[in-house]
Amino acid sequence: MLHVQSSRWANEDWNEAVEEVNEYPFSDSLLLVLCLVGGYLLFVLKIGPAFMKNREPYKLKNTILAYNAFQVALSAYFIYLTGIPMVMAGLFPKRCCEEDPTVRKEMLRCVFIYWLGKITELADTVFFILRKKYNQVSFLHVYHHASVVLGTWVMFKYSVNQTAVYAGFINAVVHVIMYFYYFMAALGPQYQKYLTWKKHITSFQLIQFVTVIIHQIISLAVTRCKHSVLGIFYVIYSCVLFYVLFNNFYKKSYTQKKANGTKTSSAVDKTQAETQNDADLKAKTQ
């Protein structure tokens, strides 16, 4: 039988958990989180482009190299952090592992650090704006970054559970690969021959969303916890929406381009395509 309630923390048995959450910085700062996301959107959509209107794009090569290396290291560290509660409680624990103070402490730490990591990733968009790569600032990119910062804070505050930890783990695995790719691309065009696997990163992201949904469903069936309706809704809604958006991106970026490429037979068109690819890669290194 599934035990679902609108707010896990409303139960008297979870008074200690409330106190543990409130020990963390920003745990009672919804307004601050909203201001952070709002400031990000304001910069990305208005202030940033206006600031760069009459300026040359910034190079930022060394900055971006350092940033990507930092994100690889941070994601690798988070894989280690999430491994602790996953080993302690198991992937699909039958008992409610959140009731174990030791496991709960590790889960809270994981999700909080994950949230901090999502804030640092807002710099992705800032770099695009400063380099005038406005084509990279798509709805998918902006919505993904903004919504994850807000959604992760909500999960930390109201619904820390094994699925949240698993979602952070699999996302960190994806990000180690993704930011390592970006690091290699930022080194220069001479590394282009090693960067033929970008589309597989998107495929991995799609697999990620499916596995998180599966994990949530199995957890509902086997775990003896009073599951948070808010947490369930956020996980399922976000994963389904992101799957649709990333799948559309995959089709436009790879499937459709490949189909169009089969219709191009002239040497001139092939040369133009190669030149554009070189230009795109060079742009990423600036």
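The numbers here are math on the coordinates, done by the rules we state, and not lab data. Here the structure is a predicted model, which is why all the values come from computation and not from measurement. As a convention, Cβ positions derive from the backbone with ideal geometry for all residues, glycine included, and neighbour counts pool all protein chains shown.
At-a-glance table
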item: Rg followed by Dmax, in Å, when region 3-259 is reduced to its Cα trace; result: 19.4, 61
item: Under-5 Å amide H pairs with residue 133, H placed in peptide plane, nonlocal only; result: none
item: Projected label distance in nm at residue 63 and residue 195, using a 7 Å step from Cα toward the beta-carbon; result: 1.9
item: Cα gyration tensor shape for region 75-121, rounded if a/c is under 1.5, else prolate or oblate; result: prolate
item: Selection of trypsin sites (Lys or Arg not before Pro), region 186-251, meeting DSSP coil and at most 14 other Cβ within 10 Å; result: 224
item: Flagged links, alpha-carbon separation over 23 Å, of 46/252; 118/157; 94/118; result: 46/252; 94/118
item: Centroid-to-centroid separation of region 186-261 and region 22-44 [C-alpha atoms, Å]; result: 25
item: Distance (nanometres) between label positions extended 7 Å along Cα→Cβ at residue 116 and residue 79; result: 2.1
item: Distance (nanometres) between label positions extended 7 Å along Cα→Cβ at residue 250 and residue 27; result: 3.8
